[in-house]
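Below is one structure, written out as structure tokens; comments come after it.
All of the numbers you see were taken from the coordinates with simple rules; none came from a lab. All figures in this text were calculated on a predicted structure; none of them were measured in a lab. Here the Cβ positions follow ideal geometry from the backbone for every residue, glycine too, while neighbour counts run over all protein chains shown.
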């Protein structure tokens, strides 16, 4: 017989039967052993033995630890709504921000419907249009001067002093790229008009592409040199600045946006500066 079995098995005084269980062990003075623990160790334990009738649930003797009264837990009293917070109630600001309109139009159709429901007079319409034109002119002038306060009105690709410097550099010189589209259209028309000279026209096309590549290479070198000279701690990347310069140089001067600020006679010191 194992040690655990000897510890849990006891003979009753009156009947002499062997009983196994925690209540019987406590009644006979032996060490208690959990029935759940016995089932876990021996799967065939259930049904083999049973406790005495007097040791059934409700009649089992209680140990010293369990016999002690458990102290009652006091429930926390909810805080009353009238109790003081310990600090003053913050006051509202004296001047609140301007609120948006009650029912702002979400589409142009709704805007037209609201205008029809509450039409404006001719003087009010003309005044509103004049205000819009004046505001647009003020923004356009600030952008042309290169004022940093108006930089927020640019597209995300055009924002920043580095991009302003690149634009001024491209606008201050003549490049092969700005004549790229015009020469391409002329060559396409020439191939249809003079089919016998197609080989010569293809050589002209190849020479134009070579000149475009060489000119773009020197343009990119000058762009990076000026950017590093003016902004040594810039966070702009080389490929982004190179592509920005080539993309602007390949467009016609009159179609560039933002519109050019520099002439072809501008010096290097004038590039990227705020126009007074």
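Once R0 is set to 25 Å, what does the formula 1/(1 + (r/R0)^6) return for the Cβ-Cβ distance between residue 217 and residue 191, expressed as a FRET efficiency to the nearest 0.05?
Between residue 217 and residue 191 the formula returns 0.35.
Residue 231 to residue 133: FRET efficiency via 1/(1 + (r/R0)^6), r the Cβ-Cβ distance, R0 35 Å, to the nearest 0.05? Write out the running numbers ahead of the final one.
Details: r = 36 Å, r/R0 = 1.02.
Computed FRET efficiency for residue 231 and residue 133 comes out at 0.45.
Between residue 275 and residue 120, with labels modelled 7 Å along Cα→Cβ, what's the label distance in nm to one decimal, could you check?
Each label point is offset 7 Å from its Cα along the Cβ direction, giving 3.1 nm.
Roughly speaking, what is the stretch gain from residue 140 to residue 202, that is 0.36 nm per residue apart minus the C-alpha to C-alpha distance, in nm to one decimal?
Contour length minus the Cα-Cα distance gives 18.0 nm.
Let me test this: with uniform point scatterers at the alpha carbons of segment 139-276, what is the Debye-based log₁₀ I(q)/I(0) at q = 0.21 1/Å?
So the normalised log intensities work out to -1.26.
Mind checking the full-extension length gain between residue 209 and residue 263? Use 0.36 nm per residue of separation minus the Cα-Cα distance, one decimal, nm. Spell out each step's value before the answer.
Details: separation 54, 0.36 × 54 = 19.44 nm, distance 2.58 nm.
Extending this stretch completely gives an extra 16.9 nm.
How big is the shadow of the Cα convex hull of segment 214-273, averaged over all directions, in nm²? Each step should come with its number before you reach the end.
Details: hull surface 18.4 nm².
For segment 214-273, the mean projected area of the Cα convex hull comes to 4.6 nm².
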